[in-house]
Amino acid sequence: MAMRLQLTDGFELLEEWAESASQAERNVMYDALFAVGDGSAFLIYDIFGDPRDRSNFIVAVKPGLVLKVFLRRADSSFAIRYLGAPDGDRGDAAGTTAPAREEPSSPEGA
């Protein structure tokens, strides 16, 4: 059975990223966020653990677009930590994908 998670943090990052993202990018990102929330993301997307923090996961939403989330298993929630181009590919040649800033993880899990 999949774990349902509630988005509790990172709304500012999402709004900041969405301002410069295309409608198609917003649609696929929102689909990915819903999949993380309903627990189906591991069935749909390629997901990688973050070697720097075991609670962070990187979701390959589509080529050139990733979502980094921080899972809080204790309270069944997750937080957005990063949206945008993968490391090393900070935006495309046309400049249509502006990377959002990355939120640091706190040791307390907040």
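The values are calculated or read from the model by the stated rules, or taken from the named source; none is laboratory data. Given the structure is predicted, the values throughout are model-derived calculations rather than measurements. Ideal geometry is used to build each Cβ from the backbone, glycine not excepted, and the neighbour counts take in all protein chains shown. Quick note on the areas: whole protein, heavy atoms, side chains included, nothing else; ligands and nucleic acids left out. Shrake-Rupley method; radii C 1.70, N 1.55, O 1.52, S 1.80 Å.
Structure values in brief
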{"read-out": "Leading residue by the ranking (nearest to the chain's Cα centre (by Cα)) among those in the stretch 1-23 that are open to solvent by 60 Å² or more (accessible area, probe 1.4 Å) and within 15 Å of Leu83 (Cα to Cα)", "value": "Phe11"}
{"read-out": "Neighbours by Cβ (under 6 Å, 6+ apart or cross-chain): first from the stretch 75-100, modelled with pLDDT under 50 and loosely packed, with under 14 Cβ neighbours inside 10 Å; second part of a loop (DSSP other than H, G, I, E, B) and of a type outside the set (A, V, I, L, M)", "value": "Arg90/Pro99"}
{"read-out": "Index of the failed condition, Ala41 passing every other in (1) at pLDDT below 95; (2) surrounded by fewer than 20 Cβ atoms within 10 Å (Cβ to Cβ)", "value": "(2)"}
{"read-out": "Qualifying residue in the stretch 17-34 (condition: part of a helix (DSSP H, G or I), among the small types (Gly, Ala, Ser) and without any contact (Cβ under 8 Å) to a residue 12 or more places away in the chain)", "value": "yes"}
{"read-out": "In the stretch 26-38, the residues that are open to solvent by less than 20 Å² (accessible area, probe 1.4 Å) and more than 15 Å from Phe70 (Cα to Cα)", "value": "Met29"}
